[in-house]
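Below is one structure, written out as structure tokens, with a few remarks after it.
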Amino acid sequence: MACLELDSSQFLLNGDGSVIGSPFDIQLECNSFTGSKAVQDHSRYTLPSQCTNAPDPPPLPGTSYGTHRTSRNAKACRCVPEEIQDFWDRMFFEAYQYDLRVLTEDGNEIMSHSCVVGIKSPVLRAMLEEAKVQGGIRHILIPGVPSEAVHVFIRFLYSSRFEQYQMKRYVLHLLVLSHVFSVPSLKRVCINQLETSLLSPENVVDILQLARLCDAPRLSLVCTRMIIGDFKAITQTEGWRVMRQANPSLEQELLESLVEEDTVSLSAAT
């Protein structure tokens, strides 16, 4: 894939050569304090002897309701209000009191906050721990992708927002970044965008190979089905020609899938 000259191993390695970081997801949960106050224990009260046959007292009002309300609030907090996203977008664009410079391969800098990027990505957190500090500002380098793609990536870490034209242009770079830096939420967005609107006969072979590299099995399956469904046209594309030379085993696998599909179709017809 000529458009992506990116080796994920260049980003971050331990001293023994192993890659730092593992799949990681940040989930924000909302805990309600309603009903969390300790409920008095009725067992410490002794009933008078003449009332030994009396039933146990009911629970204090609000106990079960408090538990139910906590569950409802936690579910409601999954939808982030737009003003909260606006706040994080503003934090990113204004870079107020930033303490991190994200450097790109073409020499650009993106002012950021280490606490934000470190929380959203365990790989970036590890990089921050080893980063050089100059004048109280940390510096890290994200190589191998255009600075515009890095800008979209860092913005997503803040507010989970992006411009559609940017996603369309840099979706392959963003998929790689989401995989390398363990940002599952962005990875899901990229996969969804590719599956629903950005796949085409011209790029499906490239995206299939990238999906396998980035551990995206559903996207890989979608690409395979598209290739089999329009096999003759896709084998005429530049992507297929490059794949035949660089990854002949994948070509053989796709041919076998095509034969299997034809066999199943013939069996169903008879």
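The values are calculated or read from the model by the stated rules, or taken from the named source; none is laboratory data. In this text, all values refer to a predicted model and were calculated from it rather than measured experimentally. Cβ atoms come from the backbone with ideal geometry, glycine included; neighbour counts cover every protein chain shown. Ligands, DNA and RNA are excluded from the accessible area calculation, which covers all protein heavy atoms including side chains. Shrake-Rupley method; radii C 1.70, N 1.55, O 1.52, S 1.80 Å.
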Checklist entry - Within the stretch 148-162, can you find the residues that are touching an Asp or Glu at 6+ places or on another chain (Cβ under 8 Å) and more than 23 Å from G107 (Cβ to Cβ)? => result S159, R161
Checklist entry - Hey, does the stretch 217-235 have a residue that's open to solvent by 40 Å² or more (accessible area, probe 1.4 Å), among the hydroxyl-bearing types (S, T, Y) and either more than 21 Å from F162 (Cα to Cα) or modelled with pLDDT under 95 (or both)? => result no
Checklist entry - Just checking, how many residues over the stretch 124-157 are in a helix (DSSP H, G or I) and more than 13 Å from the chain's Cα centre (by Cα)? => result 14
Checklist outcome for this item: Residue set V152, V133; condition within 20 Å of L174 (Cβ to Cβ) and out of contact with any Pro (no Cβ under 6 Å at 6 or more places or on another chain); output residue V152
Checklist outcome for this item: When restricted to V204, V180, the only residue over 23 Å from T104 (Cα atoms) and either buried (at least 20 other Cβ atoms within 10 Å of the Cβ) or outside the structural domain of Y165 (by the TED database) (or both) is V204
Checklist entry - Do we have any residue at all in the stretch 172-191 that's over 30 Å from C115 (Cβ atoms) and either part of a helix (DSSP H, G or I) or in contact (Cβ under 8 Å) with a residue 60 or more places away in the chain (or both)? => result no
Checklist outcome for this item: If you go through Y158, Y165, the only one that is under 22 Å from D86 (Cα atoms) and crowded, with 20+ Cβ neighbours inside 10 Å is Y158
Next on the checklist: Conditions first: (1) open to solvent by less than 20 Å² (accessible area, probe 1.4 Å); (2) at pLDDT 95 or above. P143 passes all but one, so which condition is the exception?
Outcome noted: (2)
Checklist outcome for this item: Restricting attention to the stretch 121-139, the residues that are closer than 17 Å to F181 by Cα and either in contact with a Lys or Arg (Cβ under 8 Å, 6 or more places away or on another chain) or open to solvent by 50 Å² or more (accessible area, probe 1.4 Å) (or both) number exactly 6
Next on the checklist: Looking at L258, L250, L219, can you tell me which residue is under 28 Å from the mean Cα position of the chain (by Cα) and more than 18 Å from H173 (Cβ to Cβ)?
Outcome noted: L250
